[in-house]
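K.L.:
Take this structure first; my questions come after.
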Amino acid sequence: MPRPLGELEDAVMTRVWQWNRPVTVREVLEDLQQERSIAYTTVMTVMDNLHQKGWVRREAEGRAYRYTAVSTRAAYSAALMNEAWSTSDSPAAALVAFFGMMSPEQREALRDAIRLVRHDEESGADQAPGPAQQPAPEAPGKAPGAAHRPSAAAAEPPAEPAPGAASGTEGDSAADRSDPGR
């Protein structure tokens, strides 16, 4: 999993994700200039860096490129959460602390997500996705199929987690961790 995006990379990717279509450096530049003063070459360098890192693909169109996101913001966010969780010395304690930070609305969204995962598992949806049910794209830098999907029971948040509560569950091995310096 790649490092988290920097501030300007995130601002560029936000536009690419929101627009959900191939974009040019000029389009991103013009939108960014509504918020800050920025040079064309800066945006061009950031988009080239995002291409080199695997966040966007590009196709030549005349003398310019059109850039398209490789994965969704949801896949990026999920990969960040999975990375943070999998590199924790105590993944269960990290989850408890994370659940403790969530608002009631976020906890309800998590419960809804768990119900969807359980439904998918019960219906066998993971085994044979149809055309309308394609798997989510892998996060850039992640090997296909390398995403970790905890069991629904392990992901179920406590009704009201105790702040700072820890679990006796031991962490993962070094072999299971990816290099955080990438």
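The values are calculated or read from the model by the stated rules, or taken from the named source; none is laboratory data. What you see is a predicted model; the values in this text were computed from it and never measured. All Cβ positions, glycine included, derive from the backbone under ideal geometry; neighbour counts span all protein chains shown. We work out accessible area using only protein heavy atoms, side chains counted, and drop any ligands, DNA or RNA first. Shrake-Rupley method; radii C 1.70, N 1.55, O 1.52, S 1.80 Å.
K.L.:
Could you give the size of the charge dipole of the range 1-109 about its Cα centre, using +1 on the Cβ of each K and R and -1 on the Cβ of each D and E, expressed in debye and rounded to the nearest 20? Mind dumping the intermediate values first?
P.N.:
On the way: 12 positive and 14 negative charges, 72 e Å.
Around 340 debye, computed over the range 1-109.
K.L.:
What would the Debye equation give as log₁₀ I(q)/I(0) for the range 1-125 at q = 0.14, 0.23 Å⁻¹, counting only Cα atoms as equal point scatterers?
P.N.:
The Debye formula, applied to the Cα set alone, gives -0.78, -1.28.
K.L.:
With a Förster radius of 25 Å, plug the Cβ-Cβ distance of ALA39 and TRP17 into 1/(1 + (r/R0)^6) and report the FRET value to the nearest 0.05. Each step should come with its number before you reach the end.
P.N.:
Numbers: r = 23 Å, r/R0 = 0.91.
In this case the efficiency is close to 0.65.
K.L.:
When ligands, DNA and RNA are left out and all protein chains stay put, how many square angstrom of accessible area per residue does the range 1-127 have with a 1.4 Å probe? Please report the intermediate quantities before stating the final value.
P.N.:
Working: 7440 Å² over 127 residues.
Accessible area per residue: 59 Å².
K.L.:
In a shell of Cβ-Cβ distance under 11 Å around ARG66, excluding ARG66 itself, what net charge do Lys and Arg (+1) and Asp and Glu (-1) give?
P.N.:
Values: positive: ARG21, ARG26, ARG57, ARG58; negative: GLU27, GLU59, GLU61.
Charge balance in the 11 Å sphere: +1.
K.L.:
For labels at TRP85 and ARG118 in the simple 7 Å Cα→Cβ model, what's the distance in nm?
P.N.:
Between TRP85 and ARG118, the simple spin-label model gives 1.6 nm.
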